[in-house]
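Reviewing the structure listed below.
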Amino acid sequence: MPFRMLPLFLLAAIGLALAAEVDYPLDAPGPDGRRPGGTLTQSMPAPAIANDENRDIKRERNYPDQPPTIPHAIRGYQIDMNGNKCLACHSRANSAKSQATAISITHYMDRDGQALAAVSPRRYFCNQCHVVQKEVQPLVGNSFETIDKILQDDANAARKP
Ligand code: HEC
Ligand code: HEC
């Protein structure tokens, strides 16, 4: 065996040893999340796909820089080289007609913070950051508190004698 092949052989040997090591217990309980119960190796029926929330009510944001979630259905809205359906309502020019929130100035900025005349390419694909919500209960508990609540608690604590 040529000496320069040695690292390759070593790698292969380690890989084999590792592969042999993996030995999942067949009846370990599955993670309790999106997938309902069962064991790790069991195939469970996939949960039904939930409807998009479509109530047209803007949600409160948890912090100022949060991209707001989309409060309306967006099925079939095209965003590609040929057009951007979202901008038909949300662009600065069209928002007066549609009464949709106009995209903010950050959507017109390049990465150096320079304001451009048109929507920045970094903000063209809206769904990178904005998503619709589903009509489902949260999968796991969450103890997140908004900054407003934290400030309020602080103020209350300071007021106590
Ligand atoms: C037909 C017009 C129309 C189109 C097209 C449209 N929107 Fe909207 N959008 C609205 C209106 C009106 C609102 C205000 C709330 C409501 O009525 O649903 C809104 C609200 C929103 C909000 C919440 C804004 C906030 O301040 O909380 C986001 C985010 C949003 N839209 C994103 C999108 C994205 C992304 C697309 C494309 C996939 C899109 N919209 C396409 C009309 C539109
Ligand atoms: C890279 C992430 C990103 C992309 C892509 C993006 N947004 Fe946003 N958007 C944000 C963030 C973050 C905010 C909240 C802070 C701000 O205004 O910059 C926001 C805010 C908004 C708001 C609320 C503005 C306000 O003044 O309250 C609307 C409406 C919106 N975006 C629509 C869109 C639409 C339509 C597109 C596609 C043309 C888009 N966004 C693309 C991140 C993004």
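Quick notes
- Neighbours by Cβ (under 7 Å, 6+ apart or cross-chain): first from the stretch 48-59, at positive phi; second assigned to a loop (DSSP other than H, G, I, E, B): 56/71; 56/72
Here is a yes/no grid of residues against (1) more than 29 Å from residue 106 (Cβ to Cβ); (2) modelled with pLDDT of 90 or more:
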position: 123; (1), (2): no, yes
position: 128; (1), (2): no, yes
position: 135; (1), (2): yes, yes
position: 149; (1), (2): no, yes
position: 160; (1), (2): yes, no
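- Looking at 143, 95, just one residue is under 30 Å from residue 36 (Cα atoms) and without any contact (Cβ under 8 Å) to a residue 12 or more places away in the chain, and that residue is 143.
- Applying the condition of being basic (Lys, Arg) and in a helix (DSSP H, G or I) to the stretch 68-126 and asking which residue is nearest to ligand 1 (Cβ to nearest atom) yields 85.
- Residues satisfying the stated conditions in the stretch 106-117, i.e. within 13 Å of ligand 2 (Cβ to nearest atom) and among the charged types (D, E, K, R): 110, 111
- Matching entry among 101, 41 (being more than 12 Å from ligand 2 (Cβ to nearest atom) and among the polar types (S, T, N, Q)): 41
- Selection of the stretch 46-86 for residues being closer than 15 Å to residue 129 by Cα, of a type in the set (A, V, I, L, M, F, W, C) and out of contact with any strand residue (DSSP E or B) (no Cβ under 9 Å at 6 or more places or on another chain) yields only 79.
- Some residue of the stretch 66-78 being touching a helix residue (DSSP H, G or I) at 6+ places or on another chain (Cβ under 7 Å) and modelled with pLDDT of 95 or more: yes
- Under the condition of being in contact with a helix residue (DSSP H, G or I) (Cβ under 8 Å, 6 or more places away or on another chain) and either among the basic types (Lys, Arg) or more than 16 Å from ligand 2 (Cβ to nearest atom) (or both), the residues counted in the stretch 118-144 number 1.
- Answer residue from the stretch 127-153, given it is away from ligand 1 (no atom under 16 Å from the Cβ) and outside any loop (DSSP other than H, G, I, E, B) and is farthest from residue 81 (Cα to Cα) among those: 153
The values are calculated or read from the model by the stated rules, or taken from the named source; none is laboratory data. Everything numeric in this text was worked out from a predicted model, so none of it was measured. Neighbour counts are summed over all protein chains in view; Cβ atoms, including those assigned to glycine, are modelled from backbone coordinates with ideal geometry.
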